[in-house]
Amino acid sequence: MAGEFPDRYRGLDLEEGGQVPALYFAAQTVPAKGAIVLLSDAGQGAASEFAQGLGRRLSDSGWAVVSLGLETPASGLERLLEEPGKAPGGADPAKSGKESVMIDVMKGKSPDDAVAAYRTRVLQALTAALTFASDEGYSRPVLVGVGYGAGHVLEQAVAQPGTSTLVWVAPDFYPADASVLPETLSGAGGLSVLELSPGERMDEARRRSVAVRKSGFPGYSLQPVAMASPPGEASAHAVANRILAWLAKQNP
């Protein structure tokens, strides 16, 4: 990626050593409006067509963008994440008959440790991106999560207070996260969340919206957007316009 995007590529330092690749889209207006940390869906890199299209559109409108990819979970880990259970930090052990297979896939880690290690790696990448944004002069970047990235940006916002604005694009949530989503949001005072969902997923999105509002969380907004599933470059313009309009209302 460094060779393909020499001007945009950034190697972000992780807290425990090593680096995570990112693309940086500098704001194209003076003064800049702020910074956005974008986490793509699982398996989608920092330079996916959607991430690039979104980054260019947002940067042209005055927002700096730090784009990250989301590592695809290994098959055994993915099965663990797809199982119903407790929220992060208190996951139930894997079902009998599957545990030995999953432990083998995760190279000796227990199921709980494997899930925690994966989530921690993602949070470290997000922290590195937030640190980079801070070094560039932005104190409260907006977090945007695509697909399964939505759950991770919420976890980051809860774990590291200071982020007040989240955007979910065609979000997916693992069962353990979905089961406690209203409670998680209701405990995150001061947070504002915009969910952008394609039309074919609006029934699920509306059920989530009702559950969130019943929990007493006031800062949630749901909007339908015409986009492909998964979103590609053709969807980036419409999604960016919705994000820009919403952010303008958050920071008039």
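A few comments on the model shown:
- Within the stretch 130-189, the residues that satisfy the criterion of being within 13 Å of Arg208 (Cβ to Cβ) and either of a type in the set (A, V, I, L, M, F, W, C) or open to solvent by less than 10 Å² (accessible area, probe 1.4 Å) (or both) are Ala150, Leu154, Trp168, Ala170, Pro171, Phe173, Ala178, Val180, Leu181, Leu185.
- Qualifying positions in the stretch 63-89 - within 22 Å of Tyr9 (Cβ to Cβ) and in a loop (DSSP other than H, G, I, E, B): Glu71, Thr72
- Residue match in the stretch 135-143 (condition: in contact with a Pro (Cβ under 7 Å, 6 or more places away or on another chain) and at pLDDT 95 or above): no
- Tally, over the stretch 212-239, of residues that are free of Cβ contacts under 8 Å to residues at least 60 places away in the same chain, within 19 Å of the chain's Cα centre (by Cα) and open to solvent by 60 Å² or more (accessible area, probe 1.4 Å): 2
- Which numbered condition Met202 fails, given (1) touching a strand residue (DSSP E or B) at 6+ places or on another chain (Cβ under 6 Å); (2) within 22 Å of Ala51 (Cα to Cα); (3) surrounded by fewer than 17 Cβ atoms within 10 Å (Cβ to Cβ): (2)
- Selection status of Ala240, among the small types (Gly, Ala, Ser) and part of a helix (DSSP H, G or I): yes
- Scanning the stretch 240-252 for residues that are in contact (Cβ under 8 Å) with a residue 12 or more places away in the chain, open to solvent by less than 90 Å² (accessible area, probe 1.4 Å), under 28 Å from Gly187 (Cβ atoms) and not basic (Lys, Arg) returns Ile243, Trp246, Leu247, Gln250.
One line per residue, one yes/no per condition, for (1) open to solvent by 70 Å² or more (accessible area, probe 1.4 Å); (2) at pLDDT below 95; (3) under 19 Å from Arg119 (Cβ atoms); (4) assigned to a loop (DSSP other than H, G, I, E, B):
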| position | (1), (2), (3), (4) |
| --- | --- |
| Glu4 | yes, yes, no, yes |
| Val37 | no, no, yes, no |
| Asp41 | no, no, yes, no |
| Ser59 | no, no, no, no |
| Ala94 | no, yes, yes, yes |
| Ser100 | yes, yes, no, no |
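- Filter result for the condition that a residue is open to solvent by 60 Å² or more (accessible area, probe 1.4 Å) and among the aliphatic types (A, V, I, L, M), over Val20, Val30: Val30
The values are calculated or read from the model by the stated rules, or taken from the named source; none is laboratory data. As the structure is a computational prediction, the values presented were derived from the model and not from experiment. A quick note on method: Cβ atoms are made from the backbone with ideal geometry, for glycine too, and the neighbour counts reach across all protein chains shown. These area figures cover heavy atoms from the full protein model, side chains too; ligands, DNA and RNA do not enter into them. Shrake-Rupley method; radii C 1.70, N 1.55, O 1.52, S 1.80 Å.
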